[in-house]
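K.L.:
Input: one structure, supplied below.
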Amino acid sequence: MISEDDFPEGGLTAKQLMDLLEQDPAFRAGRASGEAELEQRVRRWREAEQPLVEDLRREGVCVDSVWDLVNTSEPYPEALAVLMAHLERDVYPDRVREGIARALAVIPASVYWDRLRAVYQKPLGRGAKEGVAVALAVAVAAAAEHMDAVEALVRDEGNGASRVHFVGAILRIGGMRGRSFVESLRSDPVLGREASALLSK
């Protein structure tokens, strides 16, 4: 067990601290337990998303995980309808649903604006809420006619911190109206910092 006597006067460098921790059996056991727990969670996520992966493969989109789409720069138009349909299913763990939503954060998915908004307004896990907000922000950037609806989503405090993803989109496409709206967010306890940072650019 590490004690105060193990710490030299003047402190330790990060490398020295890690070397010291590596000598501690309790630290090593805790790290191994944490790694095993993460591996188990990832395995559960992969199992849970198999129906989605199978549907994507039937459309010719060969992936092992929805996150493969999030991390690619290649377009995947044939996957969008499948992704949207699966996002609407309330059966996936939050991490999988977040991946589906983030995979829909591409301009061609803006045709699903109404359906994305409907999902966003339902109770969601934190990751999924963030993911759908990102998809909606991309969609509104492609279709400015949704400005009224986006402003309403931002005003709804029940949407939590995920609303921050809309601030930049409103500023980019909203012209003077958008700028005025973002100005009104400066004092908001959740969105104020982002609004001020974007307005100062």
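The values are calculated or read from the model by the stated rules, or taken from the named source; none is laboratory data. Note that the structure is a prediction, hence the values are computed from the model and not measured. Cβ coordinates were reconstructed from backbone atoms using ideal geometry, including for glycine residues, and neighbour counts include every protein chain displayed. The area values use the complete protein model at the heavy-atom level, side chains included, leaving out ligands, DNA and RNA. Shrake-Rupley method; radii C 1.70, N 1.55, O 1.52, S 1.80 Å.
K.L.:
Identify all residues within region 36-61 that are touching a residue at least 24 places away in the same chain (Cβ under 8 Å) and outside any helix (DSSP H, G or I); write none if there are none.
P.N.:
E49
K.L.:
Right, here's the next one. Any idea which residue in region 64-82 is surrounded by the fewest Cβ atoms within 10 Å (Cβ to Cβ), counting only those that are under 19 Å from R41 (Cα atoms) and in contact with a helix residue (DSSP H, G or I) (Cβ under 8 Å, 6 or more places away or on another chain)?
P.N.:
D64
K.L.:
Another question, then. Out of region 83-96, which residues are open to solvent by 20 Å² or more (accessible area, probe 1.4 Å) and either assigned to a helix (DSSP H, G or I) or charged (D, E, K, R) (or both)?
P.N.:
Residues satisfying the conditions are A85, E88, R89, D90, D94, R95.
K.L.:
When only residues in region 142-201 that are outside any helix (DSSP H, G or I) and either of a type in the set (K, R) or over 23 Å from the mean Cα position of the chain (by Cα) (or both) count, which is surrounded by the most Cβ atoms within 10 Å (Cβ to Cβ)?
P.N.:
Within region 142-201, the match that is surrounded by the most Cβ atoms within 10 Å (Cβ to Cβ) is G174.
K.L.:
Moving to a separate point now. In region 97-130, which residues are surrounded by fewer than 18 Cβ atoms within 10 Å (Cβ to Cβ) and out of contact with any Pro (no Cβ under 9 Å at 6 or more places or on another chain)? Working first, answer last.
P.N.:
If we filter region 97-130 for residues that are surrounded by fewer than 18 Cβ atoms within 10 Å (Cβ to Cβ), which is where we start, we get 107-108, 111, 114-115, 118, 121-123, 125-126.
Scanning region 97-130 gives I107, V111, D114, R115, A118, Q121, K122, P123, R126.
K.L.:
Can you tell which of L104, L87, L80 is of a type outside the set (S, T, Y) and in contact (Cβ under 8 Å) with a residue 40 or more places away in the chain?
P.N.:
Only one candidate qualifies: L87.
K.L.:
Okay, moving on. I'd like the full set of residues that are of a type outside the set (A, V, I, L, M) and either more than 20 Å from S65 (Cβ to Cβ) or touching an Asp or Glu at 6+ places or on another chain (Cβ under 6 Å) (or both), limited to region 100-125.
P.N.:
P108, S110, Y112, W113, D114, R115, R117, Y120, Q121, K122, P123, G125
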